[in-house]
1. Give me the percent relative contact order of segment 1-140, please, defined on Cα pairs under 8 angstrom at least 6 residues apart.
2. What percent does the relative contact order of segment 120-167 come to when contacts are Cα pairs within less than 8 Å and at least six residues apart?
3. How much length would be gained if the chain were fully extended between Glu138 and Leu55, taking 0.36 nm per residue of separation minus their Cα-Cα distance, in nm to one decimal?
4. Given the C-alpha centroids of segment 45-114 and segment 209-237, what is the distance between them in whole angstrom?
5. If you place +1 on the Cβ of every Lys and Arg, -1 on the Cβ of every Asp and Glu, and leave all else neutral, what size is the dipole of segment 155-219 about its Cα centre, to the nearest 20 Debye?
6. Calculate the dipole size of segment 72-211 relative to its Cα centre from +1 charges on Lys and Arg beta carbons and -1 charges on Asp and Glu beta carbons; express the result in debye to the nearest 20.
7. Among Asn124, Thr220, Gln204, whose Cα sits farthest toward the positive end of the charge dipole of segment 85-235 (+1 at Cβ of Lys/Arg, -1 at Cβ of Asp/Glu, about the Cα centre)?
Amino acid sequence: MRVLVTNDDGVGSEGLHVLAACLRDAGYDVFVVAPTTDRSGTGAAIGLVHADQRLDVERVELPGCDGVEAWALDGPPAMCVVAARLGAFGEPPSLVVSGINPGLNTGRAILHSGTVGAALTAQNFGGSGLAVSLDAKEPWHWHTAARYAVEVLPRLLEAPARTVLNLNVPSLPYEEVGGVRWARLAPFGAVRAAVAESTDGRLQFELRATGVTPPPDSDTGTVEQGYAALTTIVGIAEAWPPELHDMPELREGVVPGVPLEAVHAIPDASAPRWLHRPFAAAEES
């Protein structure tokens, strides 16, 4: 299984190195293509590309990653995935693992995440992807997030083609994390962007706490309770009329907030489907 590891924080990120090494140690055929510099917040953008344009790429050595081929590409993470899927670095990967991001990627703000954008780009190009993020609390427990990534990968490999999973992990020693829970997207991420100042024709932004208590079965709420949160997501999808929600088979799917080992059919991203809100058991009573 050839696995591409990338991120949006740049090829020098410690989280990237730990993730690649752990996947290598788990027996995967790992190679790394990551941005030369920090490209956070780029979503699934590939940048401005012309037919005659050349992107700088350089072979690099990563600390602790002996035996792992690695390249630094002057482009955002989605472009790293596109280049790899098009065969620029040998056999195209069937799986992309993106991270480990220093900070959660939860809630609907993941639309803007380069970490998640890389995984969704893999989906758009026919592959599967796993985005991995760690709560922004020191000390950074990179190995905890990497171990959980290795543990959930078999479930991703058994899922339908073009599946994307988003994994968010508390920054705790591995033994102190309560395990993995299925989670829905929170209305907000862990923080929100706000305009701090607007003077002299310039805008200054800052990140602020949302001040909102997240639902306990949401990705943000799950991590706050000490569990790793796992969410199945899709990028480009049709949205069908709400009348279809009355179909009884829709009420037999995801139940957010339950342990990972509970029955959960990962949806087939290639099959005709409609977007709907998962129904928790409490809503049926």
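1. Taking the mean separation of contacting Cα pairs over the length of segment 1-140, I get 30 percent.
2. 56 percent
3. 26.3 nm
4. 25 Å
5. 260 debye
6. Rounded to the nearest 20 debye, it is 440 debye.
7. Asn124
Read-outs: derived from the displayed coordinates by stated rules, not from any lab. A quick note: this is a predicted structure, and the numbers were derived from the prediction, not measured. Counting neighbours? That spans all protein chains shown, and the Cβs are built from the backbone with ideal geometry, glycine included.
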